[in-house]
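Structure, as structure tokens:
The values are calculated or read from the model by the stated rules, or taken from the named source; none is laboratory data. Here the structure is a predicted model, which is why all the values come from computation and not from measurement. Because the Cβ atoms are built from the backbone with ideal geometry, glycine has one as well, and the counts that use them run over all protein chains shown.
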Amino acid sequence: MTVFALAARSWAGGYIVPITTGTVTATAQAAQGRVKIDISWASSQYLNVYRIQDGVATPVRGAFPSPDPATVQTVYDYEAPLDVAVSYKVTTPWLAFAALFSSSVTLVSSGLSWLTHPTSVQLAMNPLVAEQPEREHSLDQAVLTPIGRRYPVVISAAVRQAPSQDLILYTKTLTERTQLLALVQSGSPLLLRTPASYGWDPLTWLSVGNVVERPVRWLANEPARVWSLATQQVDAPAVSGG
């Protein structure tokens with residue numbers, strides 16, 4: 001836990017004067033795949049919470065702003081990367097120069113991956129990523145031959161796309177099967193977080209196309225499934241508020 005004095009700039013003198021104090025404590029909850037953020041603020045406020053990774057601040061979904069104004073608040077970050085140190089910054093829209101910062105915290109994967117829906121966090125689950133996918137890094141371009149020219153010219157999108165891949169997952173029980181089907185039902189982008197040892201992007205957002213389900217054995221009562229998800233890596237859905 002780290003305690004910081006909050007400060008705001010005086011409009012009259014242009015100097016920094018202390019306004020109030022508060023605390024923010026970030027606690028990794030590996031079993032739930034999330035970080036718990038406990039905040040104490042001197043006055044009842046809506047708060048904006050940022051995750052800081054490698055010096056870059058990213059709004060925390062569901063906490064930008066926080067759901068209810070209060071002096072003591074608890075919010076959760078379901079999109080914290082695995083096996084990577086992060087910290088948290090807390091501000092309020094009403095005091096532009098006021099901020100709280102937490103100590104760093106690491107959400108340990110213990111070899112498990114997490115698949116998460118951006119708005120239905122209760123569906124988060126630990127499917128086994130069965131294999132490293134073959135990734136396609138495509139580029140939109142065309143080769144055209146103008147009239148009277150010997151050599152064709154190239155028209156290109158100028159940047160290669162983020163990879164697409166068939167993601168192979170394994171579920172062991174019928175409960176896990178139901179969870180995975182619920183996750184892909186809406187067609188929303190999903191967040192895949194894998195252990196740092198995999199070497200994947202810490203936060204991989206995927207648009208999921210066709211989903212193929214195959215039982216491990218062709219027995220009527222076989223619960224285990226191997227899944228093939230046609231995916232395209234995409235930007236994270238926007239976090240509204242602030």
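Miscellaneous remarks
- The one condition in (1) assigned to a loop (DSSP other than H, G, I, E, B); (2) under 17 Å from Pro127 (Cβ atoms); (3) touching a strand residue (DSSP E or B) at 6+ places or on another chain (Cβ under 6 Å) that Arg214 fails to fulfil: (1)
Here is a yes/no grid of residues against (1) outside the structural domain of Leu183 (by TED's automatic domain parsing); (2) over 27 Å from Val86 (Cβ atoms); (3) in contact with a strand residue (DSSP E or B) (Cβ under 9 Å, 6 or more places away or on another chain):
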{"position": "Pro195", "(1), (2), (3)": "no, no, yes"}
{"position": "Tyr198", "(1), (2), (3)": "no, no, yes"}
{"position": "Trp218", "(1), (2), (3)": "no, yes, no"}
{"position": "Asn221", "(1), (2), (3)": "no, yes, no"}
{"position": "Val239", "(1), (2), (3)": "yes, no, yes"}
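- Selected residue (only one of Asp77, Asp140 is among the acidic types (Asp, Glu) and over 23 Å from the mean Cα position of the chain (by Cα)): Asp140
- Elements of type strands (runs of 3 or more DSSP E) contained in the range 71-171, each with 2 or more residues being within 19 Å of Thr25 (Cβ to Cβ) and either in the same structural domain as Ser228 (by TED's automatic domain parsing) or in contact (Cβ under 8 Å) with a residue 24 or more places away in the chain (or both): 85-92, 95-101
- Residues satisfying the stated conditions in the range 216-235, i.e. without any contact (Cβ under 8 Å) to a residue 60 or more places away in the chain and either within 30 Å of Val49 (Cα to Cα) or charged (D, E, K, R) (or both): Arg217, Glu222, Arg225, Asp235
- Yes/no for Ser156 being in contact with a helix residue (DSSP H, G or I) (Cβ under 9 Å, 6 or more places away or on another chain) and of a type outside the set (Lys, Arg): no
- Residue list for the range 207-231, filter: farther than 17 Å from Tyr170 by Cα and touching a Pro at 6+ places or on another chain (Cβ under 8 Å): Ser207
- Number of positions in the range 215-233 that are touching a Ser or Thr at 6+ places or on another chain (Cβ under 8 Å) and within 17 Å of Gln179 (Cβ to Cβ): 4
- Counting the residues of the range 183-215 that are loosely packed, with under 15 Cβ neighbours inside 10 Å, over 17 Å from the mean Cα position of the chain (by Cα) and without any contact (Cβ under 8 Å) to a residue 40 or more places away in the chain gives 7.
This table checks each residue for (1) under 25 Å from the mean Cα position of the chain (by Cα); (2) on the phi > 0 side of the Ramachandran plot; (3) at pLDDT below 95; (4) crowded, with 20+ Cβ neighbours inside 10 Å.
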| site | (1), (2), (3), (4) |
| --- | --- |
| Ile16 | no, no, yes, no |
| Lys36 | yes, no, no, no |
| Arg51 | yes, no, no, yes |
| Val60 | yes, no, no, yes |
| Phe64 | yes, no, yes, no |
| Pro69 | yes, no, yes, no |
| Val84 | yes, no, no, no |
| Thr119 | yes, no, yes, no |
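- Of all residues in the range 81-107, those being among the aromatic types (Phe, Trp, Tyr) and under 26 Å from Trp200 (Cβ atoms) number 1.
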